[in-house]
1. Only one of (1) in contact (Cβ under 8 Å) with a residue 60 or more places away in the chain; (2) more than 18 Å from Glu89 (Cα to Cα) is not met by Arg30, so which one is it?
2. I want to confirm something. Restricting to segment 10-27 and keeping residues that are among the polar types (S, T, N, Q) and more than 12 Å from the ligand (Cβ to nearest atom), which single residue is modelled with the highest pLDDT?
3. Of the numbered conditions (1) at pLDDT 95 or above; (2) in contact with a strand residue (DSSP E or B) (Cβ under 8 Å, 6 or more places away or on another chain); (3) more than 13 Å from the ligand (Cβ to nearest atom), Lys6 satisfies every one except a single condition; which is it?
4. Six or more apart or on different chains, Cβ atoms under 7 Å: show the pairs whose first residue is in segment 60-87 and under 23 Å from Asp36 (Cβ atoms) and whose second is among the small types (Gly, Ala, Ser) and more than 11 Å from the ligand (Cβ to nearest atom).
5. Is it true that some residue in segment 63-76 is among the polar types (S, T, N, Q) and touching a Phe, Trp or Tyr at 6+ places or on another chain (Cβ under 9 Å)?
6. List the number of the failed condition for Val15; all other conditions in (1) without any contact (Cβ under 8 Å) to a residue 60 or more places away in the chain; (2) part of a strand (DSSP E or B); (3) farther than 16 Å from Leu69 by Cβ hold.
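The values are calculated or read from the model by the stated rules, or taken from the named source; none is laboratory data. The structure presented is a predicted model; accordingly, all values stated were derived computationally and were not measured. Every residue, glycine as well, gets a Cβ built from its backbone with ideal geometry; the counts of neighbours run over all protein chains shown.
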Amino acid sequence: MAKVWKSEHEQPQYVFYCPGCKTPHVFDQRWTFSGDVDSPTFSPSLLCNPDHEPSRCHSFVRDGKIEFLNDCFHDLAGQTVELPEWTNECW
Ligand SMILES: [Zn+2]
């Protein structure tokens, strides 16, 4: 089952649900995508809210898992968890 949702803009964007922030995050054309929506890998890492420590989220998405780095604000900092399947309820 797909863990990322492809949004058909002029430039494709890939949306996934972040179980740390409990909100969707977006990869755009600045990232390299493996092409496998069921077990996605994106590179390089994704850094959300770099200038706001209370909401910062920093992760790698590899092989369908999300590896949270230690500078995340949420409880999953430093952990690797399975990416949830994307559903419309993820919005
Ligand atoms: Zn997040």
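1. Only one criterion is unmet by Arg30, namely (1).
2. Step one: of segment 10-27, the residues among the polar types (S, T, N, Q) are 11, 13, 23.
Now restrict to residues that are more than 12 Å from the ligand (Cβ to nearest atom): 11, 13.
Details: Gln11: 86, Gln13: 94.
Looking at residues that are among the polar types (S, T, N, Q) and more than 12 Å from the ligand (Cβ to nearest atom), I get Gln13.
3. Single failed check for Lys6: (1).
4. Phe60/Ser45; Asp63/Ser39; Gly64/Ser39; Phe68/Gly78; Glu82/Gly64; Leu83/Gly64; Glu85/Ala2; Trp86/Ala2
5. Scanning segment 63-76 turns up no residue that is among the polar types (S, T, N, Q) and touching a Phe, Trp or Tyr at 6+ places or on another chain (Cβ under 9 Å).
6. Condition (1) is where Val15 drops out.
So that you can scan it fast, the table gives a plain yes or no per residue for (1) of a type in the set (A, V, I, L, M); (2) surrounded by 13 or more Cβ atoms within 10 Å (Cβ to Cβ); (3) away from the ligand (no atom under 14 Å from the Cβ); (4) not in a loop (DSSP other than H, G, I, E, B):
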residue	(1), (2), (3), (4)
Gln29	no, no, yes, no
Asp38	no, no, yes, no
Pro50	no, no, no, no
Asp71	no, yes, no, no
